[in-house]
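Below: the structure, in structure tokens.
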Amino acid sequence: MAMKAVEEQPPALDSIRAIVFREGNWYVAQCLEVDIATQAKSLGALREELERMLKGYGEVAREEQAQPFAGLPEAPKKFHDMWEHAWQYDTPAFTIQVTPPISLRAAFA
């Protein structure tokens, strides 16, 4: 009798960093731990859009009984480099209500 291989799931993310920058008239947020990005015309709208996207990934994972963001690669290295040189302000991270909850921190490039 052949044994079926058990796929090991990666550990769940409990925090995500996002680098925020301007591109023309748009604000762009690029997550670092997962290659997810979004854009909006204002910072408030950008936060809402990023939260909507992350919640969407969490909801799909829940429906498929999988870890949120499983299989998504990290952002390209250039965004990690931007984070290292970015202005990281002293405001607390906010929590995205997915299962499990994720803390989101942003820095401005």
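Here are a few things to note about the model shown:
- Count of the stretch 14-49 residues which are among the charged types (D, E, K, R) and touching a helix residue (DSSP H, G or I) at 6+ places or on another chain (Cβ under 9 Å): 2
- Considering only residues in the stretch 76-91 that are of a type in the set (A, V, I, L, M, F, W, C) and surrounded by 12 or more Cβ atoms within 10 Å (Cβ to Cβ), the one that is modelled with the lowest pLDDT turns out to be 86.
- Picking from residues in the stretch 27-36 that are in contact (Cβ under 8 Å) with a residue 24 or more places away in the chain and surrounded by 15 or more Cβ atoms within 10 Å (Cβ to Cβ), the one that is nearest to residue 108 (Cα to Cα) is 29.
- Of the residues making up the stretch 45-53, not a single one is at pLDDT 90 or above, part of a loop (DSSP other than H, G, I, E, B) and among the charged types (D, E, K, R).
- Residues being of a type outside the set (Asp, Glu) and surrounded by fewer than 12 Cβ atoms within 10 Å (Cβ to Cβ) - total across the stretch 64-75: 3
- Residue count for the stretch 53-68, restricted to those that are closer than 17 Å to residue 35 by Cα and among the polar types (S, T, N, Q): 1
- Residues of the stretch 39-54 that are more than 10 Å from the chain's Cα centre (by Cα) and surrounded by 13 or more Cβ atoms within 10 Å (Cβ to Cβ): 39, 40, 43, 45, 46, 47, 48, 49.
The values are calculated or read from the model by the stated rules, or taken from the named source; none is laboratory data. Note that this is a predicted model, so its numbers are computed, not measured. As a convention, Cβ positions derive from the backbone with ideal geometry for all residues, glycine included, and neighbour counts pool all protein chains shown.
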